[in-house]
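Report on the structure given below.
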Protein chains: 2
Amino acid sequence: MARPTMEDVAARAGVSRALVSLVMRGSPKVSDQRRAAVLKAAEELGYSPHAMARSLASRTSHVLGVMVSDLHNAFFAEVVDGLDAVAAEHGFELILNTGGRSPARERRALRSLLSFRPAGLALLSPVVPTADIGRAAEQTPVVLVARSSRLATVDTVNDDGERGIALAVDHLVSLGHRRIAHLDGGAGSQAAPRRRGYLAAMASHGLTPRVVASEYTDAGGARAVRGLSGDLPTAIVSCNDFNAVGAISALEEAGFRVPRDVSVVGYDNTSLAALRHVSLTTVDQPRNELGRLAATALLQRVRGDRVEPVRHLLHPSLVVRSTTAPPVRPA
Amino acid sequence: MARPTMEDVAARAGVSRALVSLVMRGSPKVSDQRRAAVLKAAEELGYSPHAMARSLASRTSHVLGVMVSDLHNAFFAEVVDGLDAVAAEHGFELILNTGGRSPARERRALRSLLSFRPAGLALLSPVVPTADIGRAAEQTPVVLVARSSRLATVDTVNDDGERGIALAVDHLVSLGHRRIAHLDGGAGSQAAPRRRGYLAAMASHGLTPRVVASEYTDAGGARAVRGLSGDLPTAIVSCNDFNAVGAISALEEAGFRVPRDVSVVGYDNTSLAALRHVSLTTVDQPRNELGRLAATALLQRVRGDRVEPVRHLLHPSLVVRSTTAPPVRPA
DNA sequence: CTCTATTGTTGGAGCGCTCTAAGGCTGTAG
DNA sequence: CTACAGCCTTAGAGCGCTCCAACAATAGAG
């Protein structure tokens, strides 16, 4: 497994190591004849450049560090997918870590990523204190995804949860609903903006808000609905798709039909929502786009195209399916 | 952003660079006094070792390359999660790529990963020709996940799809079913062993098999069920969970109840299946474990603990939920 | 035919680290 | 007081590459 080096290729092609280096980097200042000879020798030896040695010598990196709080979550997987797409387009590689939503483990993961001197660092919904993020940002460009920050040195990419929920509320109002409840995501990430968006949207329509404590799971959604007993709204805006599906099943168990008796809107547009069996009206969060923008932000910094921090707030969109309809009960 | 080097730390601590190196590597042959001095200097300078320089100098790598055919798929995300867990335990980092299920892109991704001279390479359900895999295996240990291979130089980790489907069939037979159909995954990965498992299990019970062409999507499952019209089996074993959910919704649309009229079993135990709203009986594939075993296989090779190839065939298990019940119609 | 460009090529220093072999120091035995 | 183990410590070569300055070779200008 002792792989050939540039020296070997140079010897075989009868040129200097520096010339091989030029060829490998696609320099134009090499005669066609030599280039062909070098390429041939490289091919024969099965040579390919050593990325780490290259990075060390050139003092540049073609690696982006990515810390995912939790890959188990399909949301992040799709963000990473977007990151990878843009990175690959520009010849960058991803080096990936998870923090398991524990500050201590995240701090370790961060240190490890930084030890590779990445060109940039993307942190997906990190839970470490801002101070740690600021420290990392002193070493390399940092972009935060699904976590906002006021740090002047980092870029952020988030979806506009307030606006997303507003879309849901507006949709329900336009259908004729007035008693619209929100199943809240509690301390979950992005639950706060969604709650704010709900309250603001209700206020803008002159309606009385009703926030019901819940969480980001289907069991949570079901529980919240059961707690509603006796005083059912005509529509529910859930904090996410899982919660919405839980709410729907609890409603059906209680003998109500969705959307005839109660309309339900989710959030995230997970693959779950698209299933014909579920067919959930929901708010689409452009996950892949989140990743693409994050990678783009890093690459801009790497190339020095931009110094000022950028704050992307992506516009979510409403996907209307079969769980929403005009109310039949008196509003 | 010019970060301190070992030289800087050495100067500050008043020792040689080599001594700093020893301290950083946790060598025992350093006096406590010097060690403390070095650590203090490093701390003050905010020094942390340069992983790539270290790797180059020591001719060892603490990086595992991972090529995912498609991160979009939650299955792979969980496998990566398992890989990461084991890698992190052993101080290894993951460098990640996707191949987008295109041989050309996968080949490029492979080359790129190899240019980092990783300690090992995990390929998740790759579609490149075996020859390319063999070539990669000449450079570094390779483990294949969710793809089998006869290559004597690579390890493989798969779930035992034949056995998994057999579990499903056995379960249905024990409930009293005799007319059990299989919705086939076509050319999808792992569809073949599942089909084989179905045929073998039916034969072992002396039952007549019925394979219905379908695919790994909910629309596919629905379509297949509609094609069954008039001659409904009492139970269906789907090629995966999505397919099963599609089948269920088509059954319900046609006025049948699950599991009263027809029992349905899925495969994969995705988060979808666990939803109370779906509550699908399914075969659990230990995805995280798949990743953990893959990482472990690579690390064994790296350490030289093992030379012989290993073929892991993980035992799936049946998760019984609410979509299976004894048949009420005549068998 | 000499002088300056221009183009192509090369040696060598150095990126930040590891590792070997050799050297300095201390303490104890002879 | 010398010798010889340890035990720490260090100089220096080198990992595979990039990049700069210098240089050969050819070409065009005077």
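The values are calculated or read from the model by the stated rules, or taken from the named source; none is laboratory data. Small disclaimer: the values here were computed from a predicted structure and weren't measured. Cβ: placed from backbone, ideal geometry, glycine included. Neighbour counts: every protein chain shown. Protein only, heavy atoms only, side chains kept; ligands, DNA and RNA dropped before computing areas. Shrake-Rupley method; radii C 1.70, N 1.55, O 1.52, S 1.80 Å.
Looking at A:246, A:266, A:220 in this structure, which one is in contact with a helix residue (DSSP H, G or I) (Cβ under 7 Å, 6 or more places away or on another chain), crowded, with 17+ Cβ neighbours inside 10 Å, within 14 Å of another protein chain (Cβ to nearest Cβ) and not in a helix (DSSP H, G or I)?
Values: A:246 fails: not in a helix (DSSP H, G or I); A:220 fails: not in a helix (DSSP H, G or I).
Of A:246, A:266, A:220, the one residue that is in contact with a helix residue (DSSP H, G or I) (Cβ under 7 Å, 6 or more places away or on another chain), crowded, with 17+ Cβ neighbours inside 10 Å, within 14 Å of another protein chain (Cβ to nearest Cβ) and not in a helix (DSSP H, G or I) is A:266.
Return the residues of the range A:9-19 that are more than 7 Å from DNA strand D (Cβ to nearest atom), at negative phi and open to solvent by less than 70 Å² (accessible area, probe 1.4 Å); say none if nothing qualifies.
Going through the range A:9-19, the residues more than 7 Å from DNA strand D (Cβ to nearest atom) turn out to be A:9-16, A:19.
Those still in the list that are at negative phi too: A:9-13, A:15-16, A:19.
Scanning the range A:9-19 gives A:9, A:10, A:13, A:15, A:16, A:19.
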Looking only at the range A:1-20, count every residue that is within 10 Å of DNA strand C (Cβ to nearest atom) and charged (D, E, K, R) and tell me the total.
1
I'm trying to understand the selection: among the residues of the range B:273-295, which are open to solvent by 10 Å² or more (accessible area, probe 1.4 Å), within 21 Å of residue B:214 (Cα to Cα) and within 14 Å of another protein chain (Cβ to nearest Cβ)?
B:278
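Take the conditions of a type in the set (Asp, Glu) and out of contact with any Pro (no Cβ under 6 Å at 6 or more places or on another chain) and apply them to residue A:162. Does it pass? Break it down stepwise before answering.
Working: of a type in the set (Asp, Glu): yes; out of contact with any Pro (no Cβ under 6 Å at 6 or more places or on another chain): no.
Here the answer is no, as residue A:162 does not meet what is asked.
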Could you check, for the range B:35-44, whether at least one of its residues is within 16 Å of DNA strand C (Cβ to nearest atom), farther than 25 Å from residue B:147 by Cα and in the same structural domain as residue B:297 (by TED's automatic domain parsing)?
no
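Residue-by-condition table, conditions (1) under 26 Å from residue B:271 (Cα atoms); (2) assigned to a helix (DSSP H, G or I):
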residue	(1), (2)
B:66	yes, no
B:77	yes, yes
B:84	yes, yes
B:121	no, no
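Being outside any helix (DSSP H, G or I) and surrounded by fewer than 21 Cβ atoms within 10 Å (Cβ to Cβ) is the filter; apply it to the range B:86-95 and report the residue that is nearest to the other protein chains (Cβ to nearest Cβ).
Quick first cut of the range B:86-95, residues outside any helix (DSSP H, G or I) only: B:90-95.
When the remaining residues are screened for being surrounded by fewer than 21 Cβ atoms within 10 Å (Cβ to Cβ), the result is B:90-91.
On the way: B:90: 12, B:91: 8 Å.
Per the stated criteria, the residue is B:91.
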Does the range B:35-50 contain any residue that is farther than 18 Å from residue A:135 by Cβ, among the polar types (S, T, N, Q) and at pLDDT 90 or above?
no
Condition first: open to solvent by 20 Å² or more (accessible area, probe 1.4 Å) and at positive phi. Now tell me which residues in the range B:103-127 satisfy that.
B:117
Please determine whether any residue of the range B:21-29 is modelled with pLDDT under 95 and away from DNA strand C (no atom under 12 Å from the Cβ).
yes
Search the range A:44-63 for residues that are within 21 Å of residue A:121 (Cα to Cα) and free of Cβ contacts under 8 Å to residues at least 60 places away in the same chain and pair each with any residue that is outside any loop (DSSP other than H, G, I, E, B) and among the β-branched types (Val, Ile, Thr) when their beta-carbon atoms are under 6 Å apart and the residues are at least 6 apart or on different chains.
A:63/A:95
Evaluate the range A:61-73: report whether one residue or more is within 13 Å of chain B (Cβ to nearest Cβ), open to solvent by less than 30 Å² (accessible area, probe 1.4 Å) and within 16 Å of DNA strand C (Cβ to nearest atom).
yes
Checking residue A:259 against (1) closer than 14 Å to residue A:323 by Cα; (2) in contact with a His (Cβ under 9 Å, 6 or more places away or on another chain), which test does it fail?
(2)
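Given the structure, is residue A:77 within 7 Å of chain B (Cβ to nearest Cβ) and closer than 21 Å to residue B:77 by Cβ? Full working, then the answer.
Numbers: within 7 Å of chain B (Cβ to nearest Cβ): yes; closer than 21 Å to residue B:77 by Cβ: yes.
Yes: the conditions hold for residue A:77.
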Residues being assigned to a helix (DSSP H, G or I) and of a type outside the set (Asp, Glu) - total across the range A:1-24
14
Here is a check on your reading of the model: is residue B:48 hydroxyl-bearing (Ser, Thr, Tyr), near DNA strand D (Cβ under 10 Å from one of its atoms) and within 22 Å of residue A:54 (Cα to Cα)?
no
(1) closer than 25 Å to residue A:71 by Cα; (2) within 16 Å of DNA strand C (Cβ to nearest atom) all hold for residue B:105 apart from (2)
On the basis of being open to solvent by 20 Å² or more (accessible area, probe 1.4 Å) and in contact with an Asp or Glu (Cβ under 7 Å, 6 or more places away or on another chain), does residue A:100 make the cut?
yes
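Got a sec? Which of B:48, B:27, B:55 is under 38 Å from the mean Cα position of the chain (by Cα), surrounded by 16 or more Cβ atoms within 10 Å (Cβ to Cβ) and part of a loop (DSSP other than H, G, I, E, B)?
On the way: B:27 fails: surrounded by 16 or more Cβ atoms within 10 Å (Cβ to Cβ); B:55 fails: part of a loop (DSSP other than H, G, I, E, B).
Testing whether each residue is under 38 Å from the mean Cα position of the chain (by Cα), surrounded by 16 or more Cβ atoms within 10 Å (Cβ to Cβ) and part of a loop (DSSP other than H, G, I, E, B) leaves just B:48.
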Within the range A:100-118, residues within 11 Å of chain B (Cβ to nearest Cβ) and not in a helix (DSSP H, G or I) come out as A:100, A:115, A:116, A:117, A:118
Can you pull out the residues in the range B:223-243 that are within 14 Å of chain A (Cβ to nearest Cβ) and open to solvent by 40 Å² or more (accessible area, probe 1.4 Å)?
B:223, B:226, B:242
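Taking the criterion of being among the charged types (D, E, K, R) and in contact with a Pro (Cβ under 7 Å, 6 or more places away or on another chain), would at least one residue in the range A:243-258 satisfy it?
The first filter runs over the range A:243-258 and keeps only residues among the charged types (D, E, K, R), leaving A:252-253, A:257.
Next, only the ones that are in contact with a Pro (Cβ under 7 Å, 6 or more places away or on another chain) stay: none.
The answer is no, given that none of the residues of the range A:243-258 is among the charged types (D, E, K, R) and in contact with a Pro (Cβ under 7 Å, 6 or more places away or on another chain).
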May I ask you to say which residue of A:135, A:163 is within 14 Å of chain B (Cβ to nearest Cβ) and part of a helix (DSSP H, G or I)?
A:135
Of the listed residues (B:140, B:156, B:130), the one being more than 14 Å from chain A (Cβ to nearest Cβ) and surrounded by 21 or more Cβ atoms within 10 Å (Cβ to Cβ) is B:156
Determine which member of the set B:91, B:82 is of a type outside the set (A, V, I, L, M, F, W, C) and at positive phi.
B:91
